[in-house]
Amino acid sequence: SKFSSKIKLSKLWQLANTDLNKIQIIENYNFPQFELLNTDLNIEKINLPLSKYTYIDFWWSRCKPCLEKIPKLIKLYNEYNKKGFNVISISTDKTSNIEKYWLKRIEEFKIPWKQYLDQDGEISNKNYIFSFPTNYLLGSNGVIIAKNISINDLEILLSELNK
């Protein structure tokens, strides 16, 4: 709304505006309930758990920073899940890597929370998620309250659940 009418008539503005209006994952709005593949490779609508906080983690099975974060996230999940913290992971693996890497990583790390597959990163690309891991923290109402919260900051926030 702050751009001039002249700029809004330009082709560059129209292209950018069209792309930006397609983004569905936006802070201070509800996290969309996409239909994705589950670990049985069946289409399933994301079901947000009834939790005080839900951490949505976008990752892929050969992303070193993603893999390094999993044990820390498992520790937090195990400590705070019964107190109101949940995790949902959305992998952006390529079709050719589903069985070779994605499902093996889930088993290898014994990841206890719900896993979904954004096959070939279709939804991620549409929402300009190009760096991994990317995460969103949701409040109890499903509204995105933070993006890319660090594990340390998440742990500080979750420690409040012990009080």
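The values are calculated or read from the model by the stated rules, or taken from the named source; none is laboratory data. Keep in mind it's a predicted model, so treat the numbers as computed, not measured. We place every Cβ from the backbone using ideal geometry, glycine too, and count neighbours over all the protein chains shown. All accessible areas refer to the heavy atoms of the entire protein, side chains included, with ligands and DNA or RNA removed. Shrake-Rupley method; radii C 1.70, N 1.55, O 1.52, S 1.80 Å.
At-a-glance table
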| quantity | calculated |
| --- | --- |
| Criterion: at pLDDT below 95 and over 17 Å from residue 36 (Cβ atoms) - qualifying residue of 131, 124, 150 | 131 |
| Hits in segment 82-96 - residues which are surrounded by fewer than 18 Cβ atoms within 10 Å (Cβ to Cβ) and either in contact with a strand residue (DSSP E or B) (Cβ under 7 Å, 6 or more places away or on another chain) or in contact (Cβ under 8 Å) with a residue 12 or more places away in the chain (or both) | 83, 84, 94, 95 |
| Options 51, 96, 124; residue that is assigned to a loop (DSSP other than H, G, I, E, B) and among the polar types (S, T, N, Q) | 51 |
| Options 157, 103, 117: the member that is open to solvent by less than 10 Å² (accessible area, probe 1.4 Å) and among the aliphatic types (A, V, I, L, M) | 117 |
| Evaluation of residue 65 against (1) part of a loop (DSSP other than H, G, I, E, B); (2) open to solvent by 60 Å² or more (accessible area, probe 1.4 Å); (3) over 21 Å from residue 138 (Cα atoms); (4) touching a residue at least 12 places away in the same chain (Cβ under 8 Å) (one fails), failing number | (1) |
